[in-house]
Amino acid sequence: MLLSNVTSTHPAIFLLMGIPGLEHLHVWISIPFCSAYTLAVLGNCTLLFIIQVDAALHEPMYLFLAMLATIDLVLSSTTLPKMLAIFWFKDQEINFYACLVQMFFLHSFSIMESAVLLAMAFDRYVAICKPLHYTTVLTRTLITKIGIAAMTRAVTLMTPLPFLLRRFNYCRGPMIAHCYCEHMAVVRLACGDTRFNNIYGIAVAMFIVVLDLLFVILSYIFILQAVLQLASQEARYKAFGTCVSHIGAILAFYTPVVISSVMHRVARRAAPHVHILLANFYLLFPPMINPIIYGVKTKQIRERVLRLFLRKDVRMESEG
């Protein structure tokens, strides 16, 4: 009995087109992209440094913030360096397996970010609704378990994608109409039955966004109820003020997702570069804005940052 092996043929490299239709503006587009990436790296590295060196910030809220900053660094660094290479040097080539790795990291860390934002909502819920049990509920052990669970969920959901894509024949050419290896952009080049990939990609996205966002909203419904029951207006303002930074981070993460999803359905005939710019905005905006939100709105972090820069100024004056 002869067994026929099903083999797949894929190109050794893919070619990332950047932003189709706006190739002549790539150099100009790179300026805000590079600025946003620089701010993201500096801001998140500063947050991680301050949380690491200051023992007073080794509390659940700041440990979750350190997770968020780490995820944002990986998420932006997965795509931006290659994107800038395309804009500046027309370096469009990416190895097939490097493309799959980039896609895996991109989607995995996006899922992790959603999970950490949900964990931060739980942190605010316990802090405001059950303040006497805050330290006993949110222990280091539980925080570690939450971090491991967020990573496990993301890796489990995204691991099948590279293997699913590897089995396809890519007879529609190596040109990816995008700045990075996004799952559906790669699937469009594949021949054969890609329905499972399409359904799986949409199902995972809907599962993550709907489920996580639903639990975040439920947390804030309970928080709002608890805040409204406080006796004084000052106490209500102070309690809800501790949530402002987290609400800003949620809006920064989910708003581009919702806008991009709506645009794909409402404005299907829009030029491809509109959808690609929205996708890039989704990757760039949260990592850039999150350190600014927490740096401005969180008193403890703001004071540590000011103290750090004041020490540098004093040291420079003494040396001078």
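The values are calculated or read from the model by the stated rules, or taken from the named source; none is laboratory data. Predicted model, so just to flag it, every value in this text is computed and none were measured. Backbone-built Cβ (ideal geometry, glycine too); neighbour counts: all protein chains shown. Accessible surface is based on the protein model in full, side chains and every heavy atom, while ligands, DNA and RNA are left aside. Shrake-Rupley method; radii C 1.70, N 1.55, O 1.52, S 1.80 Å.
For the range 100-112, give me each residue that is in contact with a Phe, Trp or Tyr (Cβ under 7 Å, 6 or more places away or on another chain) and modelled with pLDDT of 95 or more. Break it down into steps so the answer makes sense when it comes.
Keep residues of the range 100-112 that are in contact with a Phe, Trp or Tyr (Cβ under 7 Å, 6 or more places away or on another chain), which gives 102, 106.
The answer is Q102, and nothing else.
Any residue in the range 96-105 that is open to solvent by 40 Å² or more (accessible area, probe 1.4 Å), of a type in the set (V, I, T) and either assigned to a helix (DSSP H, G or I) or closer than 13 Å to E182 by Cα (or both)? Walk me through it before giving the result.
At the first step, the residues of the range 96-105 found to be open to solvent by 40 Å² or more (accessible area, probe 1.4 Å) are 97-98, 101, 104-105.
Now restrict to residues that are of a type in the set (V, I, T): 101.
When the remaining residues are screened for being either assigned to a helix (DSSP H, G or I) or closer than 13 Å to E182 by Cα (or both), the result is 101.
Yes, there is a match, as at least one residue in the range 96-105 is open to solvent by 40 Å² or more (accessible area, probe 1.4 Å), of a type in the set (V, I, T) and either assigned to a helix (DSSP H, G or I) or closer than 13 Å to E182 by Cα (or both).
Does the range 38-61 include one or more residues that are of a type in the set (F, W, Y) and within 25 Å of N280 (Cα to Cα)?
Just the residues of the range 38-61 that are of a type in the set (F, W, Y), to begin with: 49.
In the following step, the residues that additionally are within 25 Å of N280 (Cα to Cα) were identified as none.
Among the residues of the range 38-61, not one is of a type in the set (F, W, Y) and within 25 Å of N280 (Cα to Cα), which makes the answer no.
Exactly one condition in (1) surrounded by 17 or more Cβ atoms within 10 Å (Cβ to Cβ); (2) modelled with pLDDT of 75 or more; (3) over 16 Å from the mean Cα position of the chain (by Cα) is false for Q233; which is it?
(1)
Matching residues to (1) buried (at least 18 other Cβ atoms within 10 Å of the Cβ); (2) touching a helix residue (DSSP H, G or I) at 6+ places or on another chain (Cβ under 8 Å); (3) at pLDDT 95 or above; (4) not charged (D, E, K, R):
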position: E23; (1), (2), (3), (4): no, no, no, no
position: I29; (1), (2), (3), (4): yes, yes, no, yes
position: L47; (1), (2), (3), (4): yes, yes, no, yes
position: V53; (1), (2), (3), (4): no, no, no, yes
position: A56; (1), (2), (3), (4): no, yes, no, yes
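Please find, within the range 236-259, the residue that is modelled with the lowest pLDDT out of those that are within 22 Å of R153 (Cβ to Cβ) and surrounded by 16 or more Cβ atoms within 10 Å (Cβ to Cβ).
Here is the first cut: in the range 236-259, the ones within 22 Å of R153 (Cβ to Cβ) are 246, 249-250, 252-254, 256-258.
If we keep only those that are surrounded by 16 or more Cβ atoms within 10 Å (Cβ to Cβ) as well, we get 246, 249-250, 252-254, 256-257.
Working: H246: 89, A249: 90, I250: 92, A252: 88, F253: 90, Y254: 87, P256: 80, V257: 76.
The qualifying residue modelled with the lowest pLDDT is V257.
For A127, indicate whether it is in a helix (DSSP H, G or I), in contact (Cβ under 8 Å) with a residue 12 or more places away in the chain and buried (at least 22 other Cβ atoms within 10 Å of the Cβ).
Working: in a helix (DSSP H, G or I): yes; in contact (Cβ under 8 Å) with a residue 12 or more places away in the chain: yes; buried (at least 22 other Cβ atoms within 10 Å of the Cβ): no.
No; evaluated as a whole, the condition is false for this residue.
Residues are listed down the side, and each one gets a yes or a no for (1) open to solvent by less than 30 Å² (accessible area, probe 1.4 Å); (2) among the basic types (K, R); (3) touching a helix residue (DSSP H, G or I) at 6+ places or on another chain (Cβ under 8 Å):
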{"position": "I146", "(1), (2), (3)": "no, no, yes"}
{"position": "V155", "(1), (2), (3)": "no, no, yes"}
{"position": "M158", "(1), (2), (3)": "yes, no, yes"}
{"position": "P162", "(1), (2), (3)": "yes, no, yes"}
{"position": "Y170", "(1), (2), (3)": "yes, no, no"}
{"position": "M175", "(1), (2), (3)": "no, no, no"}
{"position": "E182", "(1), (2), (3)": "no, no, yes"}
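Checking F109 against (1) under 19 Å from H183 (Cβ atoms); (2) touching a strand residue (DSSP E or B) at 6+ places or on another chain (Cβ under 9 Å): exactly one of these is not met. Which one?
(2)
Of the residues that make up the range 209-217, is at least one open to solvent by 60 Å² or more (accessible area, probe 1.4 Å), in contact (Cβ under 8 Å) with a residue 40 or more places away in the chain and on the phi < 0 side of the Ramachandran plot?
Within the range 209-217 (the criterion being open to solvent by 60 Å² or more (accessible area, probe 1.4 Å), in contact (Cβ under 8 Å) with a residue 40 or more places away in the chain and on the phi < 0 side of the Ramachandran plot), the answer is yes, since at least one residue qualifies.
Give me the pairs: first residue in the range 91-117 and without any contact (Cβ under 8 Å) to a residue 12 or more places away in the chain, second residue open to solvent by 10 Å² or more (accessible area, probe 1.4 Å), beta-carbon distance under 8 Å, and six or more apart or on different chains, which are they?
These pairs meet every condition: D91/K82; D91/A85.
Would you tally the residues in the range 76-95 being closer than 25 Å to F163 by Cα, outside any helix (DSSP H, G or I) and not hydrophobic (A, V, I, L, M, F, W, C)?
Counting residues in the range 76-95 that are closer than 25 Å to F163 by Cα, outside any helix (DSSP H, G or I) and not hydrophobic (A, V, I, L, M, F, W, C) gives 3.
Are any residues in the range 127-180 in contact with a His (Cβ under 8 Å, 6 or more places away or on another chain) and of a type in the set (F, W, Y), and if so, which ones?
F168, Y170 - these are the residues of the range 127-180 that are in contact with a His (Cβ under 8 Å, 6 or more places away or on another chain) and of a type in the set (F, W, Y).
Output the qualifying pairs, or none if there are none: Cβ atoms under 8 angstrom, residues six or more apart or on different chains, first residue in the range 147-168 and of a type in the set (S, T, N, Q), second residue part of a helix (DSSP H, G or I) and surrounded by 18 or more Cβ atoms within 10 Å (Cβ to Cβ).
T159/F104
Within the range 297-315, does at least one residue satisfy the condition of being open to solvent by less than 80 Å² (accessible area, probe 1.4 Å), modelled with pLDDT of 80 or more and closer than 30 Å to H178 by Cβ?
No, because not a single residue in the range 297-315 is open to solvent by less than 80 Å² (accessible area, probe 1.4 Å), modelled with pLDDT of 80 or more and closer than 30 Å to H178 by Cβ.
Could you run through the range 187-205 and say how many residues are over 20 Å from the mean Cα position of the chain (by Cα) and among the β-branched types (V, I, T)?
The number of residues fulfilling the criteria is 3.
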